[in-house]
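Read the structure below first, then the notes.
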Amino acid sequence: MNKKNILKKINYKVENTMVSTLGIEITDFGDQYISGKMPVDQRTIQPFGLLHGGASAAFAETLGSMGAGSQIDLVKYSVVGIELNSSHLKSVKEGWVYGKATPVKIGKHIQVWEIHITDESKKPVCISRLTLAVVDKR
């Protein structure tokens, strides 16, 4: 299966979830990264018209979790977030934000991913670190 078809399948799988509700779309992936974009619109802004920090955190956790899931046998295991740290660096009022998650550590029981979110000018908006547990499926 080619990358375009895999991306279509990934984005279809998240339909009717918070991921699709926020407008998050996965745009690229490789062995050591996953990338996506999220709109800054009525779904993701706070009452003052700025990108909501919780939306950025949800975007970061989505990318990190999907990246972590790509590193395990999803038939036997699952990944669950156990800690998310996000530093909000710049406000955004409109357009899109772009995220890229890369692994810091891929272990048998724990994974750590770093997620960088930027605006359309590639200026840093948020940096997050996500720690996930690798657990047996039951």
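The values are calculated or read from the model by the stated rules, or taken from the named source; none is laboratory data. All of these numbers come straight from a predicted model, not from anything done at the bench. Ligands, DNA and RNA are stripped out before the accessible areas are found, and what is left, the full protein with its side chains, is counted by its heavy atoms. Shrake-Rupley method; radii C 1.70, N 1.55, O 1.52, S 1.80 Å.
Any idea of the accessible area per residue across the stretch 60-115, 1.4 Å probe, to the nearest Å²?
That works out to 57 Å² for each residue.
Using θ = phi - 60° and the Karplus relation 6.51 cos²θ - 1.76 cosθ + 1.60, list the HN-Hα couplings for the stretch 82-94 in order, rounded to whole Hz, with x at every Gly or Pro.
10, 7, 9, 10, 10, 10, 8, 9, 7, 7, 9, 9, 7
Most mobile of Met38, Met18, Met66 per a Gaussian network model of the chain (Cα springs, under 10 Å)?
Met18
Most fluctuating residue of Thr21, Thr118, Thr62 in a GNM of the chain with Cα springs under 10 Å: which is it?
Looking only at Thr21, Thr118, Thr62, the largest GNM fluctuation is found for Thr21.
Read phi for every residue in the stretch 97-102 and hand back ³J(HN,Hα) as whole Hz from Karplus 6.51 cos²θ - 1.76 cosθ + 1.60, θ = phi - 60°, with x for Gly and Pro.
Each residue of the stretch 97-102 in turn: 10, 10, x, 9, 9, 10 Hz.
Roughly to the nearest percent, how much of the accessible area of the stretch 1-133 is carbon and sulfur, given a 1.4 Å probe? Can you show the working numbers first?
Details: 4120 of 7660 Å².
Carbon plus sulfur share of accessible area: 54 percent.
Per residue of the stretch 7-15, in order, report the coupling 6.51 cos²θ - 1.76 cosθ + 1.60 (Karplus, θ = phi - 60°) as ³J(HN,Hα) in whole Hz, putting x for Gly and Pro.
So the Karplus estimates, Gly and Pro as x, are 4, 4, 5, 4, 5, 5, 5, 8, 4 Hz.
Which one, Glu114, Glu83, Glu61, has the greatest fluctuation when you compute a Gaussian network model over the chain with C-alpha springs under 10 angstrom?
Glu83
Rounded to the nearest whole Å², what accessible area per residue is found for the stretch 1-53 with the 1.4 Å probe?
Values: 3490 Å² over 53 residues.
Per-residue value: 66 Å².
Per DSSP helix of 4 or more residues, -39500 (n - 2.57); summed, then divided by the residues of the chain. What does that give at 222 nm, rounded to the nearest 500? Let's see the in-between values first.
Values: 3 runs with 32 residues, N = 138.
So the helix-based figure for the chain works out to -7000 deg cm²/dmol.
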